[in-house]
Each structure stands twice: as C-alpha cells, then as structure tokens.
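Beneath this line is the structure, given in structure tokens, with notes to follow.
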Amino acid sequence: MSDEEHHFESKADAGASKTYPQQAGTIRKNGYIVIKARPCKVPHVNRTDYQLIDISEDGFVSLLTENGNTKDDLRLPTDDSLLTQIKDGFGDGKDLVVTVMSAMGEEQICALKDIGPKN
C-alpha cells in the first residue's frame with residue numbers, strides 16, 4: 001500500500017436533489033416550479049375560447065363572448081406566426097376562434113382555430 005493520501009474535492013451535494021424533473025402537464029396549481037434556478041409558484045390559469053369579430057387598426061381585437069357581449073380589451077398577439085395566421089384568416093373572411101389564456105390579472109391570445117368560411 002502507498003503512504004500517499006488521496007484528497008478528493010467534490011462540489012456535489014451529498015444529499016438528494018431539491019428538485020426533480022417532471023412533465024409540464026403534471027404540474028399542479030399552486031405548486032412550485034424552478035425557472036432559471038429560482039422557485040416560482042404555479043398560478044391558476046384559465047383558458048377561454050372567443051369568436052373573433054373584428055381587428056381594429058390600432059391592434060385590438062373584438063371578441064364575441066358566450067353570453068353575446070363583446071370583449072374589446074385584448075391586443076393582437078406578439079408571436080409573429082400566430083399574428084400572421086389571425087390577420088390572414090380574418091382577411092380571407094374565415095370564422096376564427098381564438099383561445100385566450102388568463103393568469104395573474106393578464107390575458108393573452110395564445111391559439112387560433114379556423115371554424116370555416118363566413119356565411
């Protein structure tokens with residue numbers, strides 16, 4: 001045997017990790033996730049579909065709610081692909097349904113469905 005002592009330097013934590021990988025669809029409301037090494041609470045998120053009625057020149061949309069009223073306080077999305085799909089579909093005279101996600105007092109159009117040409 002050798003009389004030399006071996007010194008190992010480890011920067012790893014001997015305990016179990018404080019986080020573990022999880023599928024996005026299995027995260028529960030009011031749970032915590034880690035984004036950029038910071039814990040973040042998962043908010044309650046609502047998803048609502050509205051029919052698109054009009055697009056104003058200043059970038060706001062007019063949406064038809066389930067009870068027949070209009071919702072006029074949402075801007076077009078900033079995602080270029082979704083923005084192009086909405087503008088092109090509306091310009092072509094198609095009936096469009098937009099999906100609006102709302103969380104923590106903010107709302108945003110996040111998806112689009114084409115339900116056919118206007119009659």
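The values are calculated or read from the model by the stated rules, or taken from the named source; none is laboratory data. Everything numeric in this text was worked out from a predicted model, so none of it was measured. SASA here: full protein model, heavy atoms, side chains in, ligands and nucleic acids out. Shrake-Rupley method; radii C 1.70, N 1.55, O 1.52, S 1.80 Å.
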With a 1.4 Å probe and all protein chains left in place, how much accessible area per residue does the stretch 74-119 have, in Å²? 63 Å²
Could you compute how fast the stretch 59-119 diffuses translationally, taking Rh as the Kirkwood radius over C-alpha pairs and applying Stokes-Einstein at 20 °C with viscosity 1.002 mPa s? Give it in µm² per second. 175 µm²/s
For the stretch 15-65, dividing by residue count, accessible area per residue (probe 1.4 Å) in Å² works out to 82 Å²
Share of accessible surface on carbon and sulfur in the stretch 48-119, whole %, 1.4 Å probe and ligands ignored, is 46 percent
